[in-house]
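One structure below.
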Amino acid sequence: MQKYRLIPHPAMPHPAITLDVEVTRLDGGGLRLWYVVAGAIEKLRVPKWGEPARADGLWQATCFEAFIRDGDGTAYDEVNLTSSRQWAAYSFDAYRAGMRQKDMLEPEISVASWAETLAVGIDLTAIPPGRLWVNLTAVIEETDGTKSYWALAHPGEKPDFHHPDGFVLELPAAP
């Protein structure tokens with residue numbers, strides 16, 4: 001397991017929180033991701049726990065995301081999840097091109113909250129076992145509607161999680 005700190009986009013306001021992602025490469029392929037938000041979480045609009053369901057438009061509110069490219073190609077997948085256990089998965093042929101629903105089984109999503117901490121985890125088993133390039137991201141909405149955009153890197157003047165230069169995390173092939 002490795003832990004990575006997401007940073008807010010420098011051109012946007014953001015709440016007084018930290019956002020870390022714990023990443024584990026699963027045997028034979030797949031990823032386990034835990035997004036851990038710590039700090040003033042009472043100021044965040046956090047979707048309420050519910051039944052797992054596939055849903056579109058999750059990025060319009062507090063949402064945790066992973067953009068995953070297999071090897072050196074231009075095709076990539078996007079996975080979204082929320083504390084309500086709603087999720088979405090899309091495949092792209094290239095930068096913002098050829099978007100379609102990714103065919104995959106419903107992932108296992110876990111949610112935990114304590115003190116000033118919220119953790120949302122997902123096991124992604126439909127991930128190839130080879131080397132991956134990843135962009136870990138989040139949209140955080142505050143109770144007043146202000147949104148901030150968090151990622152490992154922000155390659156542009158505006159938030160753009162799809163940008164090819166945002167795929168900065170290289171994960172070796174699965175054990």
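Here are the numbers for this structure:
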{"item": "LYS102 vs. criteria touching a residue at least 24 places away in the same chain (Cβ under 8 Å), open to solvent by less than 50 Å² (accessible area, probe 1.4 Å) and among the basic types (Lys, Arg)", "result": "yes"}
{"item": "Residue list for segment 148-175, filter: outside any loop (DSSP other than H, G, I, E, B), of a type in the set (D, E, K, R) and touching a residue at least 24 places away in the same chain (Cβ under 8 Å)", "result": "GLU170"}
{"item": "Residue check for PHE67: touching a residue at least 24 places away in the same chain (Cβ under 8 Å), of a type in the set (Phe, Trp, Tyr), crowded, with 20+ Cβ neighbours inside 10 Å and closer than 23 Å to GLY130 by Cα", "result": "yes"}
{"item": "Test set (1) within 16 Å of the chain's Cα centre (by Cα); (2) modelled with pLDDT under 95; (3) open to solvent by 20 Å² or more (accessible area, probe 1.4 Å) - PRO107 fails condition number", "result": "(3)"}
{"item": "Residue that is most open to solvent (accessible area, probe 1.4 Å) [pool: residues in segment 85-99 that are more than 23 Å from VAL37 (Cβ to Cβ) and of a type in the set (D, E, K, R)]", "result": "ARG96"}
{"item": "Any hit, segment 29-44, residues being open to solvent by 20 Å² or more (accessible area, probe 1.4 Å), within 30 Å of GLY130 (Cβ to Cβ), touching a Pro at 6+ places or on another chain (Cβ under 9 Å) and at pLDDT below 95", "result": "no"}
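The values are calculated or read from the model by the stated rules, or taken from the named source; none is laboratory data. What you are looking at is a predicted structure, and each value in this text was computed from that prediction instead of being measured. All Cβ positions, even for glycine, are placed from backbone atoms using ideal geometry, and neighbour counts span all protein chains on display. Just the protein is used for accessible areas: all its heavy atoms, side chains included, with ligands, DNA and RNA removed. Shrake-Rupley method; radii C 1.70, N 1.55, O 1.52, S 1.80 Å.
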